[in-house]
1. Just add up the charged neighbours of TRP85: K/R +1, D/E -1, any other residue whose Cβ is under 13 Å from the Cβ of TRP85.
2. Treat each spin label as a single point 7 Å out from the Cα along the C-beta direction, and report the GLN147 to GLU135 distance in nm.
3. Compute the signed sum of charges (Lys and Arg +1, Asp and Glu -1) over the other residues within less than 15 Å, Cβ to Cβ, of GLY229.
4. Work through the residues other than SER172 whose Cβ is under 13 Å from its Cβ and net out their charges, Lys, Arg +1 and Asp, Glu -1.
5. Which ³J(HN,Hα) values, rounded to whole Hz and listed in residue order, are derived for the range 229-243 from phi using the Karplus coefficients 6.51, -1.76 and 1.60 in 6.51 cos²θ - 1.76 cosθ + 1.60 with θ = phi - 60°, glycine and proline given as x?
6. State the extension gain, in nm to one decimal, for the chain segment bounded by ARG183 and GLU227, taking 0.36 nm per residue of separation less the distance between their alpha-carbons.
7. Considering only ALA244, PRO197, GLY146, whose Cα is most displaced toward the positive end of the charge dipole of the chain, charges sitting on Cβ of Lys, Arg (+1) and Asp, Glu (-1)?
8. Classify the range 5-144 as rounded, prolate or oblate, taking a ≥ b ≥ c as the square roots of the eigenvalues of its Cα gyration tensor: rounded when a/c is under 1.5, otherwise prolate if a/b is larger than b/c and oblate if not.
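The numbers here are math on the coordinates, done by the rules we state, and not lab data. Model, not experiment: these values are computed from the prediction. So basically every Cβ, Gly included, is an ideal-geometry build from the backbone, and we count neighbours across all protein chains shown.
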Amino acid sequence: MGIGEFHQFEAPTPLATFVDAFWCHVSVGGNFDTPRLRVLPDGCIDFIARLDVGHRGKLVELTSLTVCGPMDRHRMVDLSPSVAWAGVRFRCGQAGPLPGVHPPEIFGRQVPALDCSPRYACLLDRIAACTTPMEVLPAMATFLTGQSPEGPACERAAKAVEMLGQDGARISQVASVLGVAERTLHRDIHRSVGLSPKSLARILRFQKAWARMQSAHLPDLCALALEAGYADQSHITREFQEFAGVPPRALDDSGPKTKL
């Protein structure tokens, strides 16, 4: 993830349905140009604490607690020295445990948690009592435990997201399998994810192509395009340019990047 230490952890059992991973990144100090992290869209919502750290990684101050909405474009983040991030990456469409968060309203935005709900105030107090960035993660987990999405729409959206991630899936087919009208499923997905089904399907395809590209050494872009569901090499190149800001081969050489 760039210069510094990065750790990722599985969610505890009560949260595993909703949370993809807990993670922590601590930038190192030193005399170097501040590297930049390319954050790629993945359809997910992230909950991130930005922390100032001092000697030997001791937590000095919480500088922000933010809910990061789903994106349809990449974002560049400075990996400033002596700064740490502790975060929760929710599964796509599964950010229900976050109080006051409505995905369509935070699309493309980074919103202070307290602007979403005053219930985050108790978490701010817990983080203030932490002495290292790693201690922030269990504080976040404790805060989130016991809260869950409600209603059949969330369940349908979760199933739809899983199906849309499969090769060749179409929203009409997904709606038919789930036994609901296509318009209803559009509404469910937009409400739970914050993206239209078409945008989400394109982002999931992009992420799948990027994962396949990373696993192959100098992949044949024509073959990769067809394998990932694109019409041809120019199609995959346009979508990488749209979502990542650079064409496929340039993304490999563009510095650190992440879904977070």
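1. Values: positive: ARG50, ARG89; negative: GLU5, ASP46, ASP52, ASP78.
Surrounding charge for TRP85 is -2.
2. According to this spin-label approximation, the distance is 2.3 nm.
3. Details: positive: ARG170, LYS198, ARG202, ARG205, LYS208, ARG212, ARG238; negative: ASP167, GLU227, ASP232, GLU239.
Net charge in that neighbourhood comes out at +3.
4. Details: positive: ARG170, ARG183, LYS198; negative: GLU182.
Here the count lands on +2.
5. Values, residue by residue: x, 8, 5, 6, 5, 5, 5, 5, 5, 4, 6, 5, 4, 5, 8 Hz.
6. Working: separation 44, 0.36 × 44 = 15.84 nm, distance 2.93 nm.
Once the chain is fully extended between ARG183 and GLU227, it gains 12.9 nm.
7. Most positive-ward Cα: PRO197.
8. On the way: a/c = 1.63, a/b = 1.24, b/c = 1.32.
In terms of gyration-tensor shape, oblate.
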